[in-house]
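No lab work stands behind these numbers, since they all come straight from the coordinates. None of these values were measured; they are calculated from a predicted model. Cβ placement follows ideal geometry from the backbone for every residue including glycine, while neighbour counts extend to all protein chains displayed.
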Amino acid sequence: MNKYLLIAVTMLVACSDGESGLPRTEMSQANSLSSQISWERLDTLAVLGAGPEWSESPLYRVSDAVLDNERNTVFLVNGGNSELIRYDIGSGRIRSIGRRGRGPGEFGRPLWMEPHGPDSLLVYDRDLTQFSVFSSSGDFGRTFRVPGVGLRGRQPAALTRMGAGLWVALSSGLPQVLMIPETPAGTKARDTLTIVSVTDEGHLGDTVARVPHALWERLPDPTSFNIRRDEDAGGAMVSGGGGRLFIAAFADSLEVFEYLVASHPNARHLNPVAVGAPRQSVSQVFAGRDGTLWIGEGHSASESTVFQIFRPASDGWVPAGTLTLDGSVRILDAAGARIVLLHRDSLGIETVVVARASGSR
């Protein structure tokens, strides 16, 4: 084993015993009693990335992951190298799937990945604006496109698959008013996020909701169309799991709504979810495959990320625990008692950690 990887693994296993490092976890005893899975501590199963231990290119722009607990593997979207990575957790074997290109089984920049049936993966390529299906062994299957995607900046901002259904959150792209030469500097406009069902052939189905998304502003520059997106001026996130589609809208505060896929396939009603998180600190809204809701909050003072975990109950949504992780962390996938975390350090170096709730199998 490479010495750098050995150091990383040692550090992560040590922190399961309460020492400092990544990830450090904390949970109050009161909250853990209401959780179906106790997240008091994490046991590290695998550490990938961090650059020097890789014989090939390091992880760069890792945007998504899919856990396959039955086969003890994890798939990663390594967007910076235009590939998928299949990692066998038990043996440590790594296999690259796809490569940079425009041909069958090749990628421009893969972005989102979801399970697609019992033995395949669905991947969205932002640069090629197409969906590709691969088997879990890495064999290329087919591609399909969704009408209108890629035109005028219209791109999926999120992708989720539950059972036989596929839901895509489509951004309407750069507001056209900002591209008009007469538009004065300082003009602001939002695009829209439309959550719509998509068939396996790429046909658009029912629209679930439309919510305001990114805020764009025309800047004073007489020589060009100088336009920027304000990352701190609200927006929306979409995530799904356990038969629920969560839509999070940001304004002065965070509002989360759930759409029940299985019980109301044609309904447009969105149920509010009371989570009480302030908008300013929210870094991620994520849905576990069991239907739990994770609200990530970044805390710069303590250099940590705190996830408030909620689960459905007969009288609404109740807290299921609080998971505290050192550093800037995003959840890429959560299935059963396992979780895939992406850690990015101050230099932008990415490390992926596969862990499980301590005491689980």
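Going from the fewest other Cβ atoms within 10 Å to the most, the residues V353, V261 appear in the order V261, V353. Each of T207, T351, T322 has some number of other Cβ atoms within 10 Å of its Cβ, and from fewest to most they run T207, T322, T351.
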